[in-house]
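Report on one structure; see the data block that follows.
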Amino acid sequence: MKITLLVGTMTGTAQLVAQELELAWDDGETRVETLLMEKVDASVFSREGIFLVVTSTYGQGDVPDNAKPLYEELKAKRPDLSRVRYGLFGLGDRTYAETFNFGGKRFDEILQELGAQRIGERVQHDAASGVLPEESAVEWGEGWLALARESAALGARAGQSPERIRP
Ligand SMILES: Cc1cc2nc3c(=O)[nH]c(=O)nc-3n(C[C@H](O)[C@H](O)[C@H](O)COP(=O)(O)O)c2cc1C
């Protein structure tokens, strides 16, 4: 299974989360690639495999600067993402009560609008909780990886002809 981690970050915390997940998951059978969002455009979603968006929140509940071009492109071009399956790990701080984790929420909303299917619940890490995001991500990631594997297996079966699915 292939997993692409898409990272939206201002000061590198989300990137650290992605690095730890890559270390925990990439074992030859599961192949993980981490891409900073400023390095990609919306065509990234035509890649094979499953996506995990790891993004923080800045400004007035905005996506981080490096995520803005991708986010704006998705909103403007509205590609059909109905074949895309993704997870969402958001980073934020509850001190910003009105806009807590809005960066992740914004990505989640646009991906859903474009037809993509989320695997698992959207995570909202809280920097004020005292729990390190990379630690909570690795713990959460075990369950998410199992769901992602299930989803990948279902996707592979759905891609086969009916004859091949029959026992
Ligand atoms: C200037 C500034 C604005 C922020 N605005 C928000 C916000 O509106 N909502 C939120 O949940 N977190 C907000 N945060 C918290 C960050 O999203 C959080 O600290 C995150 O872990 C940073 O991750 P990063 O280093 O990957 O960018 C803000 C942080 C800063 C420094």
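Read the figures in this text as sums done on the coordinates, not as results from a lab. Keep in mind that this is a model prediction, so the values were computed, not measured. No Cβ is skipped: glycine too gets one built from the backbone with ideal geometry, and neighbour counts run over all protein chains shown.
Structure notes:
- Here the extension length gained between Arg94 and Gln19 equals 24.6 nm, from 0.36 nm per residue of separation less the Cα-Cα distance.
- The distance between label points at Glu150 and Val131 comes to 2.1 nm (points 7 Å beyond Cα on the Cα→Cβ vector).
- Fraction of antiparallel bridges per DSSP, the chain only, in percent to nearest 5: 5 percent
- Highest-fluctuation residue, Thr13, Thr34, Thr95 considered, GNM on the chain with Cα pairs under 10 Å: Thr95
- Helix 13-25 vs. the chain, principal-axis angle (Cα, 0 to 90°, nearest 10): 30 degrees
- Put a dot 7 Å past the Cα of Asp80, heading toward its Cβ, do the same for Asp65, and the two dots end up 3.7 nm apart.
- Dimensions in Å of the chain - Rg and Dmax from alpha carbons: 15.9, 55
- Across the options Pro69, Gly90, Gln19, the greatest Cα extent toward the positive end of the charge dipole of the chain (unit charges at beta carbon of Lys, Arg, Asp, Glu) belongs to Pro69.
- Between Val138 and Ser43, the contour length at 0.36 nm per residue exceeds the Cα-Cα span by 31.4 nm.
- The sum of -39500 (n - 2.57) across all DSSP H runs of n ≥ 4, divided by the residue count of the chain, sets its helix-only mean residue ellipticity at 222 nm to -12500 deg cm²/dmol.
- The residues neighbouring Glu109, those whose beta-carbon lies less than 12 Å from its own, together hold a net charge of +3 under the Lys/Arg +1, Asp/Glu -1 convention.
- Against the chain, whose longest principal axis is taken from its Cα atoms, helix 68-77 shows a tilt of about 50°.
- For the chain, a Gaussian network of Cα nodes joined below 10 Å ranks Val131, Val32, Val123 by mean-square fluctuation, and the top entry is Val131.
- Among Leu35, Leu114, Thr55 - extreme Cα towards positive end, dipole of region 2-165, charges at beta-carbon: Leu114
- Most fluctuating residue given options Leu154, Leu23, Leu132, as computed from a GNM of the chain linking Cα atoms under 10 Å: Leu154
- Simple Cβ-charge dipole of region 2-165, Lys/Arg +1 and Asp/Glu -1, about Cα centre, in debye nearest 20: 640 debye
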